[in-house]
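Okay, structure first, notes after.
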Amino acid sequence: MSLAEPAALPVAASAAPRLHVLKRFSSRFKASLPAYLLLLPSLIFLALFTYGAMGRVLVDALYQRATPKAPLRFVGLDNLSAVLADPYFTGAVINNLLYAVGTAIPSIGLALLFALALSRTNAVSSALRAALFLPVLIPMVAASALFLFIFLPNVGLLDYYIGRLLPVLPNWLGDPDIALSAIMVITIWKNAGYYMLFFLAGLQAVPEDVMEAAHLDGAGPFMRFRHIILPELKPTFLFVIVIATLNAVTQVDHVFVMTKGGPSNSTNLVLFYIYQQAVEHYDIGKASAATLLTLAALMGLTALSFRTMANREGGP
Amino acid sequence: MKLIDKLYKDTPLATRREITPKLGFALTVLLAIVWLVPFLWMGVATLRPASDGINAMAELLPSLKPTLDNVRDAWEIGDFPRYALNTTIICTGILLVQFVTITLAGFAFARLDFAGKSLIFYLFLMQLMLVPVLLIVPNLSLVAQLGLYDTLTGVMMPFFASAFGTFLMRQAFEAIPTELEDAALIDGASLLQRIRHIYVPLSMPSFSAFAIISVTSHWNDFLWPLMVINSPDKRPLTVGLSVFTATAEGTQAWGTIAAGTLMVIAPLLITFLIFQKRFISSFVTSGIK
């Protein structure tokens, strides 16, 4: 039943076809009414907090307040250029890129190793899977509290044990050259077990008899991995990369608890910058402009993940 | 050697002699132990008496004179029961409303044909991508305009609709044979009655999978409640813990921090250890938290 369906009844006058289309449209709408009513509760909240929010970011980015109490003033694209010219923002963008690459690659690599090693189901491997999965369940804030002590200079867990081997130790969270790597470690610890699950699910699609046949033909473990497992896991890789990238942009709880973006802004990430502008500097215009830029940057990723998601969901 | 043979007894005979998989397994065992170290330290430090001194704080071997002093101190400094109550209210409130919204919307996508279906479907899909955390700034001003700043309702509201939940329910409902609904239709059951008495009871596994994902993610939320909540007595566990950590860190009370952290993460960890299989399969079906 499509709207483009040609009219079956002969229509006489010029005004009649339009009436006909209208009638047809209204009957289609009437038939659709129950569906709209069922969708309404969801659509109200989506409209307020997702689509409306995007619209508000767009508008807010065009206005500026001189002081928190002053009236709004239209400034056009000033906020946008101010954010782009702000060395703290560009610094946060660079940090975030480093952080995204530096967390995604190791945690995905480890996840794949874990999944390959633990793909068979027995008591030992399920215990190991559970151990690797535990960090996924705890709040980032709790993980940060634990790692604060692990990274503590001199008395902390890392220095206490590694200190016996090395003469000079860095101040893990206090050294601007190392702090970003230190918070990457937490992220890798927290996410590798999560990505492992997707690889475990993906590995189930690898046919056992093909693996055996390949082995009989003389293919070693690496050959089998390269030519049988890897092609089978391609969609999983794509999916996990998307999730890892989104995580890198949207999780900043550890930055908040452990470093507040410091030392010397070496761990400032984009979302934390947005938070600082909005809550600490009351600069909604600048915060909105930064949000807008981040959303725009994620659009490329969105297009990619739309495809992988749509494939997973099977379309409407 | 016996143990290794046992581990490999279900692999195909042909590949059982290969060394690479065993090396990978050994490395994974090693890393799994490393993965547990922070938890181990948390447990040991919680029970360590202050008399052991700051230098013993990092010792992973438990103290010979375990004490619950740290737990008592943490309990007194942070209002953990109140934080836990707030977190429970937030998670339950979000989940109950989500159950209603995702059931209705999921049914519409699964069983009804309507004008603009694809368009609305893609609108929902968009929410999956636009990760709500990025929209904290406009959503905070909206929550303030609605008079919900510093309320638990304000914390919950942005999550009342869930695209992910809608898709999950759509899939569950599509798997239910239409014959069942037709029979009810002949008996004169209304649309809502059919959803309530046929679709909902038959989709319980999907509801519980969704509940696990929803509760886990909102139990762990931090930045959004931090922005919405101002009063100390409305803090959820995560915000409470961060304030608690900041206070205790100043006094170098690491045993107390460990105890506080343990209290915050224990409920979810214990639930996970009991319902391990359910958790893991829910996380696999979800993809997105």
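No value in this document is a laboratory result; all are computed from the given coordinates. None of the values given here were measured: they were computed from a predicted structure. Note that each Cβ is placed from the backbone with ideal geometry, even for glycine, and that neighbours are counted across all protein chains shown.
Some notes on this structure:
- Which of A:Phe147, B:Gln171, A:Ala111, positive extreme of dipole for the protein assembly as shown (C-beta unit charges): B:Gln171
- Cross-link reach list, aspartates and glutamates versus B:Lys65, counting only Cα pairs under 16 Å and skipping chain neighbours closer than eight places: B:Asp52
- Restraint check, A:Lys190/B:Lys277; A:Lys234/B:Lys22; A:Lys190/A:Lys234; A:Lys69/A:Lys286; A:Lys190/B:Lys117; A:Lys23/B:Lys117, Cα-Cα greater than 27 Å: A:Lys190/B:Lys117
- The slack in the chain from A:Val59 to A:Arg24, taken as 0.36 nm per residue of separation less the alpha-carbon distance, amounts to 8.8 nm.
- Rounded, prolate or oblate (a/c below 1.5 giving rounded, otherwise prolate when a/b exceeds b/c) for chain A by Cα gyration tensor: oblate
- Peptide A:146-158 - average C-beta neighbours from other chains (10 Å radius): 5
- HN-Hα J in Hz across region A:98-115 - Karplus 6.51, -1.76, 1.60, θ = phi - 60°, x for Gly and Pro: 4, 5, 5, 5, x, 9, 5, 4, x, 6, 5, x, 5, 4, 5, 4, 4, 5
- Radius 13 Å from Cβ of B:Arg235, net charge of other residues (Lys, Arg +1; Asp, Glu -1): -2
- Prolate/oblate/rounded call for region A:73-183, Cα gyration tensor, a/c under 1.5 rounded: oblate
- Taking only Cα atoms of the protein assembly as shown, radius of gyration then Dmax in Å: 26.9, 100
- q = 0.11, 0.15 Å⁻¹, chain B: log10 I(q)/I(0) [Debye, one scatterer per Cα]: -0.88, -1.17
- Solvent-free Debye scattering, log10 I(q)/I(0), computed from the Cα coordinates of region A:35-116 at q = 0.15 Å⁻¹: -0.86
- Residues B:Ser214, A:Ser32, A:Ser288, A:Ser81, arranged from fewest to most other Cβ atoms within 10 angstrom of their Cβ, appear as A:Ser81, A:Ser32, B:Ser214, A:Ser288.
- Inter-chain Cβ neighbour count for B:240-251, averaged per residue, equals 3 (cutoff 10 Å, partner chain atoms only).
- The residues neighbouring B:Met42, those whose beta-carbon lies less than 14 Å from its own, together hold a net charge of 0 under the Lys/Arg +1, Asp/Glu -1 convention.
- Short-range pairs are left out: with C-alpha atoms under 8 Å and at least six residues apart, the relative contact order of chain B is 28 percent.
- For the protein assembly as shown, adding -39500 (n - 2.57) for each run of n ≥ 4 DSSP H residues and dividing by the number of residues yields -21500 deg cm²/dmol at 222 nm.
- Helix screen, chain B: DSSP H segments with Cα axial length of 30 Å or more and mean Kyte-Doolittle hydropathy at least 1.0 are B:20-46, B:80-111.
- Residue order, fewest to most beta carbons within 10 Å, for B:Asp150, A:Asp283: B:Asp150, A:Asp283
- Inter-chain Cβ neighbour average for residues B:216-224, partner chain, 10 Å: 5
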